[in-house]
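Heads up: the structure comes next, in structure tokens.
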Amino acid sequence: MPILPSVSLTSIEDRPQALLMRWERDVRPGDTREAFRQLLQRLNQTATPLYVVVDIQSQPRFNLSETVGAALMGPFSHDKLAEWLVVGSTPVARTISSTLSAFTNRKNIRWFNAYDDVWAYLDGLNRPAAQNEKEG
């Protein structure tokens, strides 16, 4: 039986503009780099910018240097990465966020408490501008 990765990257049904990066609690060495490698490959292949929904509700035990290094090797500053939409929060995740933003001068990480908040945000992006103005 194959071992499932502790960091996975998948498409999201009915959300073609977004990918889901899910982190398990116990992150195995190498899984972080592989997930970011897959993300970079997807970003290189897309014609339109993608949002990456990052699920850290499991309170993962991040390897700080591996996570920052893997993100900086391409995906974080990629021109086809719209934003990181993070569901959940940990002190280490906030440190990773601050470190990446400091290194790249990009402020493309948004924090959410639940998936429903992410879906509402993405749905708001898909509305015509005139409709957004009427409701705002």
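Scanning the stretch 47-68 for residues that are under 14 Å from the mean Cα position of the chain (by Cα), farther than 12 Å from V86 by Cα and of a type in the set (A, V, I, L, M, F, W, C) returns L50, V68. Criterion applied to I56, I96 was being of a type in the set (A, V, I, L, M) and touching a strand residue (DSSP E or B) at 6+ places or on another chain (Cβ under 7 Å), and the one residue passing it is I56. The single residue among F76, F36 that is assigned to a loop (DSSP other than H, G, I, E, B) and surrounded by 13 or more Cβ atoms within 10 Å (Cβ to Cβ) turns out to be F76.
Return yes when L20 is assigned to a strand (DSSP E or B) and crowded, with 18+ Cβ neighbours inside 10 Å and no when it is not. Yes. Scanning the stretch 102-118 for residues that are part of a helix (DSSP H, G or I) and either surrounded by fewer than 11 Cβ atoms within 10 Å (Cβ to Cβ) or at pLDDT below 95 (or both) turns up A102, F103, T104, D116.
Just the residues that are out of contact with any strand residue (DSSP E or B) (no Cβ under 7 Å at 6 or more places or on another chain) and either under 17 Å from M21 (Cα atoms) or modelled with pLDDT of 90 or more (or both), please, taken from the stretch 122-136. Correct list: D123, G124.
The values are calculated or read from the model by the stated rules, or taken from the named source; none is laboratory data. Note that the structure is predicted; figures quoted are calculated from it, not measured. All Cβ positions, even for glycine, are placed from backbone atoms using ideal geometry, and neighbour counts span all protein chains on display.
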